[in-house]
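Bear in mind that the values in this text are calculations on the coordinates, not laboratory data. Being a predicted model, the structure only gives us computed values, none of them experimental. As a convention, Cβ positions derive from the backbone with ideal geometry for all residues, glycine included, and neighbour counts pool all protein chains shown.
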Amino acid sequence: MNLAVLATAGLVFCRVAGLVAGLPVFSAQGVPKAIPIFTAVGVVLLIAPTVSLIEAPSNLLVLVVGVASELLLGLLAGFSVRVVFAALHMGTELMALQMGLAMATMFNPLEKQQAGPLGTLASWTAGLAFLGTGLHLRCLEIVGRSFETLPPGGGFDIDQLQLLLVGAEASIRLGVQLSGPILVMVWFVNVLVAVLARLAPKMNVFFSVGMTITSSVGIVLVAISLPWVMAVHGAAVAETVSGLRRALMP
């Protein structure tokens, strides 16, 4: 087989594999390890025949640099979407902390980390919405079409690294926005409990009914606002995917 064909297919695989490894659903703990690999191989088999062949690398250093740049570009594309999911997780963990659900935090063997039930519920719901709306296919399509403007092994503009930084900044802002309404309402409940504690100083209102009221009101508010949270998160993911298209296909 021609070395140019092998080099082209290998670099295409590196970019696609980096994307699949960076996307939030395919790389989640608990997902079979074969799923990302088979997904990347399947996409490469569809894309590689349409990509223009490149010249075979003249030496090993050129090949290593090409492989590293393609992996970095794919990971950058995947992590730019993952940071939006990190925003949702951060927001829900802030809600759980203020609602008194932090005591329910336990070790999650799937994600191998301490996670609360609210954050886990939001993460799985967002992942199902991501797959259900077909945005994962849109990401794969964007990376596939990016070879028309960014040939394999050709490197990329350093300004494209700002995509991840902008996404990280937006994720922090989005996490605070998602948790803001719940935090405000829980704060009002805590103020009410504090007033009751002042009116009845001999009755320990906080420990007797305070935490129960705070948790109950918080759970009701989360149940009411969950569709809104998912809608805002979905819009943010769609906007991130659109930004990814503008960055990879200028």
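What does the net charge come to around Arg245 if you take all other residues with beta carbon closer than 13 Å to its beta carbon, with K and R at +1 and D and E at -1?
Computed value for this residue: 0.
With each label point set 7 Å from Cα along the Cα-Cβ vector, what nm distance links Leu53 and Met249?
Simple spin-label model gives 2.7 nm for this pair.
With a Förster radius of 51 Å, plug the Cβ-Cβ distance of Ile37 and Val191 into 1/(1 + (r/R0)^6) and report the FRET value to the nearest 0.05.
Efficiency computed from Cβ-Cβ geometry: 0.45.
Evaluate E = 1/(1 + (r/R0)^6) for Thr212 and Gln177, where r is the Cβ-Cβ distance and R0 equals 25 Å; express this FRET efficiency to the nearest 0.05.
Numbers: r = 28 Å, r/R0 = 1.13.
Approximately 0.35, to the nearest 0.05.
At 7 Å along Cα-to-Cβ for each site, give me the label-to-label distance between Leu97 and Ala68 in nm.
3.7
Quick check: the distance between the Cα centres of segment 215-241 and segment 23-83, to the nearest angstrom?
When both Cα centres are located, 32 Å separates them.
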